[in-house]
Structures are given as C-alpha cells and as structure tokens.
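Take a look at the structure below.
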Amino acid sequence: YEYLAIHVENAAAPPSAAVRSDLYQWGVIMGYGVALLFVLLLALSSDRMVRRIGMPWWKRLQRASYLAFGLTCAHAFIFQLLESRAGRWVAVVAVISGLVLVLQGAGVVAIRRGRRAATTGAIENPPS
C-alpha cells in the first residue's frame with residue numbers, strides 16, 4: 001500500500017488523486033489481463049497444441065498477442081504517468097513500442113508481397 005500512498009493518493013504532480021486512482025485501477029487490471037493472455041499464449045505455443053486444435057484456430061488464438069502488446073503498452077504508459085517518470089523514460093517506452101510496431105508492419109508487408117507473388121506467379125526480384 002506504500003505505492004498507493006506515494007504515487008496515487010499523495011502525489012504532488014498532476015493529474016488529480018481521483019484520476020490517478022482510476023489510472024492505477026485500470027493499469028492493474030490491464031496488467032493482470034496481459035499476464036493471463038501471456039499464460040494462454042504460452043500454453044498454446046507448442047506443436048502438440050497446433051495438432052490438437054488445428055492450425056486455423058491456433059493462428060486465431062495466437063493473434064491475441066497483438067492485444068497483449070497493446071495492453072502492455074497502455075499499462076507501461078499509465079505507470080510512467082503515475083510515477084511521474086522523466087521524459088527520457090517515457091521516450092524509451094515510446095521508442096521501443098514504435099519499433100515493435102514498425103517491425104510488425106514490415107513483416108505484414110513482406111508476407112502480403114510474398115502471397116501476392118505466389119498467387120500471380122510473378123517474381124519481384126529475378127536473379128541476375
């Protein structure tokens with residue numbers, strides 16, 4: 001409860017104690033939700049589970065990792081705000097989150113290009 005006293009109830013920095021209390025509650029709920037999602041993903045991450053539930057269902061469930069990432073980012077930013085972290089720490093979280101999004105986006109583009117090339121029979125980079 002020391003955390004609540006320092007960072008939520010008696011914090012001198014904005015936002016107000018009521019807003020901080022709401023942020024704390026949602027941040028904790030998100031943290032537990034993310035933990036449960038990661039346990040689910042861990043339980044599903046095996047060849048045995050792929051065979052058991054089938055590839056289409058396994059893939060749908062594995063996409064919950066995108067939700068877990070979003071909730072993890074929200075959780076991180078909420079607690080950065082609650083603890084009145086210096087701008088450089090908020091920037092570190094933002095840069096890491098942005099980097100993950102850029103890399104995921106590049107992966108999606110690469111997969112779509114590969115599928116498009118496979119369906120049309122075109123070769124984007126023919127050997128020279």
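The values are calculated or read from the model by the stated rules, or taken from the named source; none is laboratory data. Source: prediction; values computed, not measured. All Cβ positions, even for glycine, are placed from backbone atoms using ideal geometry, and neighbour counts span all protein chains on display. With ligands, DNA and RNA removed, areas are computed over all heavy atoms of the protein, side chains included. Shrake-Rupley method; radii C 1.70, N 1.55, O 1.52, S 1.80 Å.
Here the condition is being open to solvent by 40 Å² or more (accessible area, probe 1.4 Å) and of a type in the set (K, R); of R20, R52, it holds for R52 alone.
Taking the listed residues L67, L81, L37, the one that is open to solvent by 50 Å² or more (accessible area, probe 1.4 Å), under 13 Å from the mean Cα position of the chain (by Cα) and aliphatic (A, V, I, L, M) is L67, with no other qualifying. Residues of the range 23-34 that are farther than 17 Å from L67 by Cβ and surrounded by fewer than 13 Cβ atoms within 10 Å (Cβ to Cβ): Q25 alone. Among the listed residues M49, M30, identify the single one that is outside any loop (DSSP other than H, G, I, E, B), touching a His at 6+ places or on another chain (Cβ under 7 Å) and not charged (D, E, K, R). The unique qualifying residue is M30. Among residues belonging to the range 84-110 that are open to solvent by less than 90 Å² (accessible area, probe 1.4 Å) and assigned to a loop (DSSP other than H, G, I, E, B), point out the one that is farthest from Q25 (Cα to Cα). By that ranking, first place goes to A86.
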